[in-house]
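Just so you know, all these numbers are worked out from the coordinates, no wet-lab data involved. Everything numeric in this text was worked out from a predicted model, so none of it was measured. With ideal geometry, Cβ positions are generated from the backbone for all residues, glycine too; neighbour counts draw on all protein chains shown.
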Ligand code: OKP
Ligand code: ZN
């Protein structure tokens, strides 16, 4: 399997995450991608290629223009205020308040943020742009005939909504890739999100559409981030009714339970008969992940990679989360090797 990767991910190197009331080193840090690419090399998964540049149009096909303009200037505008720390919101357009977009950077941060743990820092936009190109290049490889591709995106993307960032995400890499496939010949694309956290951004983007089936397995939002989306009763709206499927699961969910939900998800994807499958691949379902509560082992990742291969669809793996960094390379590549061994 070919891997698409660029060192430009290192430009996303924020120093601060608000966690437990403290500013800590972010869980989503550059070494994550380095451990994964090291493992890709160690097992000779396949060639490693730099992304091509598809420009801004495919990003603007998914995201609001005002939001993308904001992401490009947020760090500069924040620094111009002379603040000592990294850019983070402290105020939101909460219930019954105005939705006018403020002029001041503190107001714009609150308008476009869905959470405040994710600081915007120097290079954040450049890395997010590069990650989107990594996803787009992977999608184009499917168009060119590849059976499967691994887009090693960093920063991740599945929490990024049409006009909101947060949860370590800025541009929704999987959604941008799905739209590219639809714009270049596909009729239907399925996105299966196996990250521990609900892909609220992806769900938001495709909520009212029937050309993308979104299926997510995740920690119950009653107990887990993003807390305000991902319930089982969210099934899509309008033309998209029935094309969103959520499997929230409780603390300490083990692989047997998780795999049973995966089997249902795979059957629904098979029924949909998509032209291509995108996996939002987070390995924060791992038993020792520091911010999650599922109990998958390293071998379980291999097993479910093979389960996904049973769909026999052109498949793009897009990297999302995973924060037990010492094991992130093994767990991620186990999914890809499990998939390949069953293909
Ligand atoms: C990003 B991805 C835990 C708070 C977690 C943000 C989590 C973002 C996860 N107490 N806050 O889905 O892996
Ligand atoms: Zn996650």
Within the range 1-29, the count of residues that are farther than 30 Å from residue 341 by Cβ and assigned to a loop (DSSP other than H, G, I, E, B) comes to 11
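Yes/no per residue for (1) in contact with a helix residue (DSSP H, G or I) (Cβ under 8 Å, 6 or more places away or on another chain); (2) within 30 Å of residue 101 (Cβ to Cβ):
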position: 115; (1), (2): no, yes
position: 133; (1), (2): no, yes
position: 140; (1), (2): yes, no
position: 146; (1), (2): no, no
position: 176; (1), (2): yes, yes
position: 185; (1), (2): yes, no
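For (1) closer than 12 Å to residue 324 by Cβ; (2) touching a helix residue (DSSP H, G or I) at 6+ places or on another chain (Cβ under 6 Å); (3) within 11 Å of ligand 2 (Cβ to nearest atom), each residue gets a yes or a no:
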| residue | (1), (2), (3) |
| --- | --- |
| 270 | no, no, no |
| 274 | no, no, no |
| 278 | no, yes, no |
| 282 | yes, no, yes |
| 288 | yes, no, no |
| 292 | yes, no, yes |
| 299 | no, no, no |
| 302 | no, yes, no |
| 305 | no, yes, no |
Among the residues of the range 295-313, how many are under 19 Å from the mean Cα position of the chain (by Cα) and either away from ligand 1 (no atom under 16 Å from the Cβ) or surrounded by fewer than 24 Cβ atoms within 10 Å (Cβ to Cβ) (or both)? 3
Hey, does the range 222-232 have a residue that's out of contact with any helix residue (DSSP H, G or I) (no Cβ under 9 Å at 6 or more places or on another chain) and away from ligand 1 (no atom under 16 Å from the Cβ)? yes
Given the criteria more than 17 Å from residue 284 (Cβ to Cβ), assigned to a helix (DSSP H, G or I) and either in contact with a strand residue (DSSP E or B) (Cβ under 6 Å, 6 or more places away or on another chain) or touching a residue at least 12 places away in the same chain (Cβ under 8 Å) (or both), does residue 213 qualify? no
Tell me the residue from 273, 326 that is farther than 22 Å from residue 19 by Cβ and more than 17 Å from the chain's Cα centre (by Cα), please. 273
Would you please name the residue that is surrounded by the fewest Cβ atoms within 10 Å (Cβ to Cβ), looking only at residues in the range 150-169 that are more than 8 Å from ligand 1 (Cβ to nearest atom) and assigned to a loop (DSSP other than H, G, I, E, B)? 162
Which number in (1) exposed (fewer than 15 other Cβ atoms within 10 Å of the Cβ); (2) under 30 Å from residue 290 (Cβ atoms); (3) out of contact with any strand residue (DSSP E or B) (no Cβ under 7 Å at 6 or more places or on another chain) marks the one condition that residue 24 misses? (3)
Can you name the number of the only condition in (1) more than 16 Å from ligand 1 (Cβ to nearest atom); (2) within 17 Å of residue 3 (Cα to Cα) that residue 33 fails? (1)
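Does residue 256 count as out of contact with any helix residue (DSSP H, G or I) (no Cβ under 6 Å at 6 or more places or on another chain), more than 16 Å from ligand 2 (Cβ to nearest atom), without any contact (Cβ under 8 Å) to a residue 24 or more places away in the chain and farther than 21 Å from residue 43 by Cα? First the steps, then the outcome.
Values: out of contact with any helix residue (DSSP H, G or I) (no Cβ under 6 Å at 6 or more places or on another chain): yes; more than 16 Å from ligand 2 (Cβ to nearest atom): yes; without any contact (Cβ under 8 Å) to a residue 24 or more places away in the chain: yes; farther than 21 Å from residue 43 by Cα: yes.
Yes; evaluated as a whole, the condition is true for this residue.
Could we say that residue 133 is in contact (Cβ under 8 Å) with a residue 24 or more places away in the chain, surrounded by fewer than 24 Cβ atoms within 10 Å (Cβ to Cβ) and either within 16 Å of ligand 2 (Cβ to nearest atom) or assigned to a helix (DSSP H, G or I) (or both) here? It would help to see each step written out before you state the result.
Numbers: in contact (Cβ under 8 Å) with a residue 24 or more places away in the chain: yes; surrounded by fewer than 24 Cβ atoms within 10 Å (Cβ to Cβ): no; either within 16 Å of ligand 2 (Cβ to nearest atom) or assigned to a helix (DSSP H, G or I) (or both): yes.
No; evaluated as a whole, the condition is false for this residue.
Each row is one residue, and each column tells you yes or no for (1) within 16 Å of ligand 2 (Cβ to nearest atom); (2) buried (at least 24 other Cβ atoms within 10 Å of the Cβ); (3) under 22 Å from residue 321 (Cα atoms).
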residue	(1), (2), (3)
185	no, no, no
188	no, no, no
193	yes, yes, yes
197	yes, yes, yes
209	no, no, no
213	no, yes, yes
222	no, no, yes
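Scan the range 48-71 for residues that are surrounded by fewer than 16 Cβ atoms within 10 Å (Cβ to Cβ) and not in a loop (DSSP other than H, G, I, E, B) and jot them down.
Looking only at the range 48-71, we keep the residues that are surrounded by fewer than 16 Cβ atoms within 10 Å (Cβ to Cβ), and these are 48, 50, 52-53, 55-57, 60-61, 64-66, 69.
Within the range 48-71, 48, 57, 60, 65, 66, 69 qualify.
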